[in-house]
Amino acid sequence: IMSKLKSILYSLFTIVLGVSILFFIIRLSPGDPIERILGPEASLEDINHYRTQLGLDRPMLAQYISFITSVFRGDLGTSLFKKKDVFDLLKVHMQPTLVLALLSVFISAPLGTLLGVFAALKKSTAVDSILRVVTLLALAFPIFSLAPILVLVFSIKMNLLPVSEWTSWKHIILPVLTLVIPLSSIVSRVSRNKFLEEKDGPWVQVLHAKGMANRDVVIRIIKVTLPTILNIVAIQLSVVLAGTMVTETIYDIPGMGLLLFEAISNRDYPVVQGVIIYSTIVYMSVFYFIDYLNKFIDPRLSGE
């Protein structure tokens with residue numbers, strides 16, 4: 001019970017710390033949201049009056065205390081530009097982001113594992129070399145350069161897939177592919193190395209000596225490597241969430257990424273804070289779920 005309580009407190013501390021740092025960074029960065037809202041023609045009197053209405057003229061510490069208090073009450077505030085409740089905006093925009101993130105993880109994890117195991121079984125062959133080169137090349141392209149390449153090939157040249165909007169399953173393919181390629185490459189390289197490490201272990205030699213079929217031995221090794229693979233997926237989840245936001249901006253998908261991009265451009269403090277809180281909660285939830293899954297796969301990891 002104490003360990004679970006510590007985990008919950010650690011999660012809350014992580015969320016509060018991350019949001020607190022962001023709170024001060026976005027307010028200390030150049031740019032005034034009031035001037036963006038009222039436009040360049042607004043008088044200084046109007047700007048100061050509107051700033052007072054929004055409470056932005058108060059000392060920063062007072063604003064911070066008010067913000068943290070509201071967050072613990074479940075109130076994320078109101079968008080300065082859209083004039084809508086931030087929580088309502090998150091509910092509208094989270095569906096595309098969750099679809100992209102979950103699909104990319106659920107496709108990349110098994111695909112990368114299979115490619116890694118296959119490369120390990122074909123060690124020192126042409127197949128292994130080709131797979132290692134391909135995964136290395138995939139990792140060499142960041143999302144903001146990979147996405148335009150995929151658009152050029154599959155949309156402009158081959159005219160197979162649409163580029164923007166979010167109205168059918170065809171619009172999901174390119175964004176998901178943009179995220180799957182680098183993530184599955186990382187999983188593939190990790191699973192290959194871990195599989196080869198376990199394959200040469202003494203316990204595997206014992207299984208062969210007992211006459212166990214090669215297929216069953218491979219399955220046993222994959223099971224042993226799963227916690228490592230899941231940990232890599234958990235670590236890369238933050239990259240996936242960030243990549244999802246970049247991908248949404250490139251493909252003009254109405255998700256959290258596009259919402260965050262617009263909010264940062266407009267210095268919409270409540271929306272930026274809300275998106276970061278949402279992303280942190282999702283990351284922490286998935287991280288602890290994978291931790292629980294690892295303990296279920298291998299009870300020795302529970303320490304009990």
(message) I'd like the full set of residues that are in contact (Cβ under 8 Å) with a residue 40 or more places away in the chain and farther than 15 Å from THR78 by Cα, limited to the range 48-68.
(response) TYR64
(request) Counting only residues that are farther than 30 Å from ILE253 by Cβ, give me the helices (runs of 4 or more DSSP H) lying completely in the range 1-111 with at least 2 of them. (result) 2-28, 44-54, 60-72
(request) Any chance you could count how many residues in the range 110-127 are out of contact with any Phe, Trp or Tyr (no Cβ under 8 Å at 6 or more places or on another chain) and free of Cβ contacts under 8 Å to residues at least 60 places away in the same chain? (result) 7
(message) Among the residues of the range 145-178, what is the count of those that are part of a loop (DSSP other than H, G, I, E, B) and of a type in the set (Phe, Trp, Tyr)?
(response) 2
(request) Name the residue, out of PRO254, PRO270, that is in contact with a strand residue (DSSP E or B) (Cβ under 8 Å, 6 or more places away or on another chain) and either in the same structural domain as VAL190 (by TED's automatic domain parsing) or of a type in the set (Lys, Arg) (or both). (result) PRO270
(request) List the number of the failed condition for LYS91; all other conditions in (1) in the same structural domain as THR249 (by TED's automatic domain parsing); (2) touching a residue at least 24 places away in the same chain (Cβ under 8 Å) hold. (result) (2)
(message) Quick check on my filter: what residues within the range 114-161 are surrounded by 15 or more Cβ atoms within 10 Å (Cβ to Cβ), of a type in the set (S, T, N, Q) and farther than 17 Å from SER188 by Cβ?
(response) SER155
(request) Tally the residues that are in contact (Cβ under 8 Å) with a residue 12 or more places away in the chain and of a type in the set (Asp, Glu), restricting the search to the range 12-47. (result) 2
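Please go through the range 233-279 and give me each residue that is of a type in the set (Asp, Glu) and either in a loop (DSSP other than H, G, I, E, B) or surrounded by fewer than 21 Cβ atoms within 10 Å (Cβ to Cβ) (or both), ordered by number. Talk me through it step by step, then tell me what you get.
Going through the range 233-279, the residues of a type in the set (Asp, Glu) turn out to be 248, 252, 262, 268.
Across the range 233-279, the qualifying residues are ASP252, GLU262, ASP268.
When only residues in the range 97-113 that are over 15 Å from THR244 (Cα atoms) and not hydroxyl-bearing (Ser, Thr, Tyr) count, which is surrounded by the fewest Cβ atoms within 10 Å (Cβ to Cβ)?
Looking at the filtered set, the residue picked out is PRO110.
The values are calculated or read from the model by the stated rules, or taken from the named source; none is laboratory data. Just so it is clear, the model here is predicted, and its values are computed rather than measured. Please note: Cβ atoms are built from the backbone with ideal geometry, for glycine as well, and neighbour counts cover all protein chains shown.
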